[in-house]
Amino acid sequence: MRRLYAVIVLFALALTLTGCQSETVEYPNRDVTVIIPFNAGGGIDISGRALFTEIDTYYEDISFVPTNITGASGTIGATELYYADNDGYTLMVAGNGMNVAHISNNFELTFNDFQLVAQYVVSTPGLFVRSDSPYQTYEEFIAAAGAEEGAIKMGVSTGTVNHYAVMGIEDYEDVSFQSIIIGGDQAQQPELLSGRVDAYVTAVSLNTAYLDSGDFRCLAVFSDERLESMPDVPTFAELGLEDDYQLSFGVWAPAGTPDDVVATVAAAVERACTDPDFVESMAVLGYTVEYQDTESYIAIMDASLTNIIDLADKMGLSDITSLDPYNGPYTIPKVLAIAIAVMAVLEILRKKYMKEAFKPQLVSLFKGNVPIFVLSLFAFAFVFELIGYTFATTIYLTVMVLYLRRKVYPELPTKLVLKTAGLSLVFSVVSYLFFTQVAGILMPVSPLGIL
């Protein structure tokens with residue numbers, strides 16, 4: 001009887017183990033979503049798609065599907081990854097620019113809140129000017145910047161590693177550029193081509209076509225060694241600036257992703273990075289393939305974060321809540337929420353202390369002509385940098401309010417004109433102070449422009 005019982009127990013155990021083994025499924029066994037947190041055509045997008053196009057060939061019936069989830073300096077896509085299931089079927093390609101988003105208070109999370117898998121390429125930033133620029137060398141460029149504060153109009157893509165690279169140059173050379181915000185959702189190259197800016201720092205990979213065509217000239221690169229494609233261009237290390245602002249691109253996964261899944265993805269990345277065809281294709285695009293495993297990649301990200309924090313502290317930027325006027329804690333939804341709250345408080349105070357109802361005169365926008373609005377916006381944009389935020393906004397609001405009012409009420413008493421101009425001026429000053437002092441947003445122009 002005991003033998004029969006033992007046989008039954010062993011048989012049941014065997015069935016259990018067999019069942020457990022049948023539930024073990026090899027990863028991956030279905031398509032994998034790869035989040036690209038930036039717009040199509042950027043460095044992360046181009047290199048990430050190339051990487052997973054290569055990895056796709058390693059699996060017959062499975063696809064790695066790049067999906068652009070953009071906005072807020074890449075943090076929307078990163079947030080999507082953070083809340084995704086940690087089963088390996090949602091990955092992301094990202095760079096050390098996420099460190100800037102964190103210390104700018106645009107993103108509460110850091111790379112430590114994710115599972116880093118591996119680094120696959122580095123992208124080298126360079127300092128670019130137009131080919132017809134009077135600055136033939138980096139030394140001439142810095143000499144001009146040092147001769148007059150703000151003499152060089154430097155294009156900056158705020159909230160990025162490239163922006164910190166610009167500030168690193170300013171700090172090391174003790175110069176001050178006139179910062180002109182470029183980028184965002186738009187290409188940066190037209191800003192330099194048009195002459196709106198004199199120079200900018202961006203990835204060499206994004207400017208290869210302009211270098212080949214002779215439109216741009218590179219004065220220096222952030223790299224340990226000179227690039228093979230530009231052997232005559234010095235590195236910033238040679239010029240004395242040893243801080244590393246290279247862009248490191250890697251594969252991320254949600255925290256808690258199983259080790260075997262991480263190892264599988266890392267092995268696929270390493271296989272791609274050792275493939276001569278992939279390496280050559282990346283070199284043509286301007287990227288340097290440089291595989292780093294999980295541990296090394298974490299160390300690279302940590303060093304990058306430390307470098308950016310040190311520079312921010314040195315330049316007094318640690319209290320800035322946002323380096324980007326288009327992203328940050330005071331985005332449109334929150335501004336609307338604040339405005340509604342203020343209006344609610346004013347309404348409560350009115351009902352309690354005012355005997356007569358407050359009746360503002362509203363003027364319908366539909367009374368105006370569309371061409372007038374379009375032309376006025378072009379005029380506003382044209383003078384925005386010239387005369388500054390305060391004057392440009394005051395003039396624009398005054399003219400447009402009076403224009404709309406005259407469409408409804410033909411008479412414009414002098415008192416009304418002065419009152420409208422005064423209120424517009426107050427709004428302009430208060431809004432500028434709110435953006436810069438309360439919200440901590442770096443405005444694209446000064447309050448008074450060139451005055």
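As an exercise: evaluate residue 217 against (1) under 25 Å from residue 110 (Cβ atoms); (2) surrounded by 18 or more Cβ atoms within 10 Å (Cβ to Cβ) and give the number of the one condition it does not meet.
(1)
For segment 389-406, which positions are of a type in the set (Gly, Ala, Ser) and without any contact (Cβ under 8 Å) to a residue 24 or more places away in the chain? Lay out the reasoning, then the answer.
From segment 389-406, those of a type in the set (Gly, Ala, Ser) are 392; that's our starting set.
Within segment 389-406, none qualify.
Looking only at residues in segment 70-106 that are farther than 30 Å from residue 311 by Cα and under 21 Å from the mean Cα position of the chain (by Cα), which one is modelled with the lowest pLDDT?
We begin by selecting, within segment 70-106, every residue farther than 30 Å from residue 311 by Cα; these are 83-91.
The next check asks that each one be under 21 Å from the mean Cα position of the chain (by Cα); those that pass are 83, 91.
Values: 83: 94, 91: 98.
Top of the filtered list is 83.
Condition check ((1) surrounded by fewer than 17 Cβ atoms within 10 Å (Cβ to Cβ); (2) aromatic (Phe, Trp, Tyr); (3) assigned to a helix (DSSP H, G or I)) across all residues:
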| residue | (1), (2), (3) |
| --- | --- |
| 29 | yes, no, no |
| 51 | no, no, yes |
| 61 | yes, no, no |
| 65 | yes, no, no |
| 70 | no, no, no |
| 75 | no, no, yes |
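From the list 303, 272, 263, which residue is hydrophobic (A, V, I, L, M, F, W, C) and within 25 Å of the chain's Cα centre (by Cα)? Don't jump to the end; show me each part of the working.
On the way: 272 fails: within 25 Å of the chain's Cα centre (by Cα); 263 fails: within 25 Å of the chain's Cα centre (by Cα).
When all the criteria are applied, what remains is 303.
Could you identify the single residue in 241, 211 that is part of a loop (DSSP other than H, G, I, E, B), surrounded by 18 or more Cβ atoms within 10 Å (Cβ to Cβ) and either modelled with pLDDT under 95 or basic (Lys, Arg) (or both)? Give the steps one after another, and end with the answer.
Working: 211 fails: part of a loop (DSSP other than H, G, I, E, B).
The match here is 241.
Has segment 196-212 got any residue that is over 28 Å from residue 240 (Cβ atoms), in contact (Cβ under 8 Å) with a residue 60 or more places away in the chain and assigned by TED's automatic domain parsing to the domain that holds residue 153?
no
Test each condition in (1) over 23 Å from residue 240 (Cβ atoms); (2) out of contact with any Phe, Trp or Tyr (no Cβ under 7 Å at 6 or more places or on another chain); (3) in the same structural domain as residue 214 (by TED's automatic domain parsing) for residue 106 and report the one that comes out false.
Unmet condition: (3).
Being part of a strand (DSSP E or B) and touching a residue at least 24 places away in the same chain (Cβ under 8 Å): is that true of residue 145 here?
On the way: part of a strand (DSSP E or B): no; touching a residue at least 24 places away in the same chain (Cβ under 8 Å): yes.
In short, no.
Could you say whether any residue in segment 143-151 is surrounded by fewer than 23 Cβ atoms within 10 Å (Cβ to Cβ), closer than 13 Å to residue 197 by Cβ and in contact with a helix residue (DSSP H, G or I) (Cβ under 7 Å, 6 or more places away or on another chain)?
Of the residues in segment 143-151, the ones surrounded by fewer than 23 Cβ atoms within 10 Å (Cβ to Cβ) are 143-144, 146-151.
Remaining after also requiring closer than 13 Å to residue 197 by Cβ: 150-151.
Then drop every residue that is not in contact with a helix residue (DSSP H, G or I) (Cβ under 7 Å, 6 or more places away or on another chain), which leaves 151.
Scanning segment 143-151, I find at least one residue that is surrounded by fewer than 23 Cβ atoms within 10 Å (Cβ to Cβ), closer than 13 Å to residue 197 by Cβ and in contact with a helix residue (DSSP H, G or I) (Cβ under 7 Å, 6 or more places away or on another chain), so the answer is yes.
Going by the structure shown, is residue 140 surrounded by fewer than 19 Cβ atoms within 10 Å (Cβ to Cβ) and either in contact with a Phe, Trp or Tyr (Cβ under 7 Å, 6 or more places away or on another chain) or outside any helix (DSSP H, G or I) (or both)? Working first, answer last.
On the way: surrounded by fewer than 19 Cβ atoms within 10 Å (Cβ to Cβ): yes; either in contact with a Phe, Trp or Tyr (Cβ under 7 Å, 6 or more places away or on another chain) or outside any helix (DSSP H, G or I) (or both): no.
Taking the combined requirement at face value, the residue does not satisfy it.
Specify the residue that is modelled with the highest pLDDT; the eligible residues are those in segment 363-406 that are more than 25 Å from residue 432 (Cβ to Cβ) and not in a helix (DSSP H, G or I).
So the residue we want is 369.
Scan segment 271-280 and tell me whether some residue there is within 30 Å of residue 217 (Cβ to Cβ) and surrounded by fewer than 19 Cβ atoms within 10 Å (Cβ to Cβ).
Filtering segment 271-280 down to residues within 30 Å of residue 217 (Cβ to Cβ) leaves 278-280.
Next cut, surrounded by fewer than 19 Cβ atoms within 10 Å (Cβ to Cβ) only: 279-280.
Yes, that holds for at least one residue.
Criterion first (among the small types (Gly, Ala, Ser) and not in a loop (DSSP other than H, G, I, E, B)) does residue 168 satisfy it?
Numbers: among the small types (Gly, Ala, Ser): yes; not in a loop (DSSP other than H, G, I, E, B): yes.
Against the criterion (among the small types (Gly, Ala, Ser) and not in a loop (DSSP other than H, G, I, E, B)), residue 168 qualifies.
Only one of these conditions is not met by residue 256: (1) surrounded by fewer than 15 Cβ atoms within 10 Å (Cβ to Cβ); (2) more than 30 Å from residue 84 (Cα to Cα); (3) touching a residue at least 24 places away in the same chain (Cβ under 8 Å). Which number is it?
The one condition residue 256 does not meet is (2).
Keeping to segment 284-305, report how many residues are more than 20 Å from residue 126 (Cα to Cα), in a strand (DSSP E or B) and at pLDDT below 95.
Result for segment 284-305: 0.
The values are calculated or read from the model by the stated rules, or taken from the named source; none is laboratory data. Model, not experiment: these values are computed from the prediction. Don't worry about glycine lacking a Cβ; one is built from the backbone with ideal geometry, like all the others, and counts go over all protein chains shown.
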